[in-house]
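Working notes, structure below.
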């Protein structure tokens, strides 16, 4: 039986202070960050905007130390997909801001960060306390290809609970965890731990089966 404890962390969206509080309160856990760690939301009032590069470097340091696993989200993918576009062709303000911050890094450090992002997984299956957990940012498909990769990052559409039930796409032999969708949700073996619209960060602990929202 695997007794490794995991702390699953939902969409941080640039809230470095929230991440630091979670790390302080969750020592001894392996952290699984479910993507969208960057890009501050305009409606946030509790958290100030910080450099997205600072957030990514903190997470990369945890991953390099073997303390965390980072699953890429659609917001990280925006950086990769817009990297070589002229600035006038980039639509999202936060993407422009992140790319500008990226240019401030020394070349070697910049290339290392981009390589890490490009090679980060889109899905993760793990075992903890006799349970199987399957994680992705929005949709679980470990056999994704270049053609359906974006489907894993952005899910089946929104609002998924009206047009296409997300729980119909998962199997009964594991617990599934996603971020991306904005609101916490739990039904049967499906769990959404993205609390962005509450200005919170959803966190789930595998040894306690406990869901928390950190502000």
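Do we find that residue 105 is on the phi < 0 side of the Ramachandran plot, in contact with a helix residue (DSSP H, G or I) (Cβ under 7 Å, 6 or more places away or on another chain) and not in a helix (DSSP H, G or I) in this structure? Steps first, answer last, please.
Numbers: on the phi < 0 side of the Ramachandran plot: yes; in contact with a helix residue (DSSP H, G or I) (Cβ under 7 Å, 6 or more places away or on another chain): yes; not in a helix (DSSP H, G or I): yes.
Criteria met by residue 105.
Count, please, the residues in the stretch 44-62 that happen to be under 20 Å from residue 198 (Cβ atoms), in contact (Cβ under 8 Å) with a residue 60 or more places away in the chain and surrounded by 12 or more Cβ atoms within 10 Å (Cβ to Cβ). Outline the logic, then answer.
First, pick out the residues of the stretch 44-62 that are under 20 Å from residue 198 (Cβ atoms): 44-50, 55.
From the residues that got through so far, the ones that are in contact (Cβ under 8 Å) with a residue 60 or more places away in the chain too are 44-47.
Right, trim to surrounded by 12 or more Cβ atoms within 10 Å (Cβ to Cβ) and you get 44, 47.
Number of matching residues: 2.
With (1) at pLDDT 95 or above; (2) under 18 Å from the mean Cα position of the chain (by Cα); (3) part of a loop (DSSP other than H, G, I, E, B) as the list, and residue 58 as the residue in question, which single condition is left unmet?
(3)
Restricting to the stretch 187-196, name every residue that is more than 14 Å from residue 12 (Cβ to Cβ) and either touching a strand residue (DSSP E or B) at 6+ places or on another chain (Cβ under 8 Å) or at pLDDT 95 or above (or both). If you could, list the steps in order and put the result at the bottom.
Going through the stretch 187-196, the residues more than 14 Å from residue 12 (Cβ to Cβ) turn out to be 187-192.
Scanning the stretch 187-196 gives 189, 190, 191, 192.
Right, residue 179: modelled with pLDDT of 95 or more and under 20 Å from residue 132 (Cβ atoms) or not?
Values: modelled with pLDDT of 95 or more: yes; under 20 Å from residue 132 (Cβ atoms): yes.
For residue 179, the condition - modelled with pLDDT of 95 or more and under 20 Å from residue 132 (Cβ atoms) - is met.
Just the residues that are surrounded by 14 or more Cβ atoms within 10 Å (Cβ to Cβ), farther than 16 Å from residue 120 by Cα and in contact (Cβ under 8 Å) with a residue 60 or more places away in the chain, please, taken from the stretch 22-43.
22, 26, 29, 41
Looking at (1) exposed (fewer than 11 other Cβ atoms within 10 Å of the Cβ); (2) closer than 30 Å to residue 143 by Cβ, which one does residue 93 not meet, given that it meets all the others?
Tallying (1) exposed (fewer than 11 other Cβ atoms within 10 Å of the Cβ); (2) closer than 30 Å to residue 143 by Cβ, residue 93 fails exactly one: (2).
Of all the residues that make up the stretch 63-93, how many are in contact with a helix residue (DSSP H, G or I) (Cβ under 8 Å, 6 or more places away or on another chain), closer than 24 Å to residue 8 by Cβ and either assigned to a helix (DSSP H, G or I) or in contact (Cβ under 8 Å) with a residue 60 or more places away in the chain (or both)?
Count: 10.
In the stretch 127-174, what count of residues is obtained for those that are at pLDDT 95 or above, in a helix (DSSP H, G or I) and touching a strand residue (DSSP E or B) at 6+ places or on another chain (Cβ under 7 Å)?
Summing the residues that are at pLDDT 95 or above, in a helix (DSSP H, G or I) and touching a strand residue (DSSP E or B) at 6+ places or on another chain (Cβ under 7 Å) in the stretch 127-174 gives 1.
The values are calculated or read from the model by the stated rules, or taken from the named source; none is laboratory data. Computed from a predicted model, the values in this text were never measured in an experiment. Neighbour counts run over all protein chains shown; Cβ positions are idealised from the backbone, glycine included.
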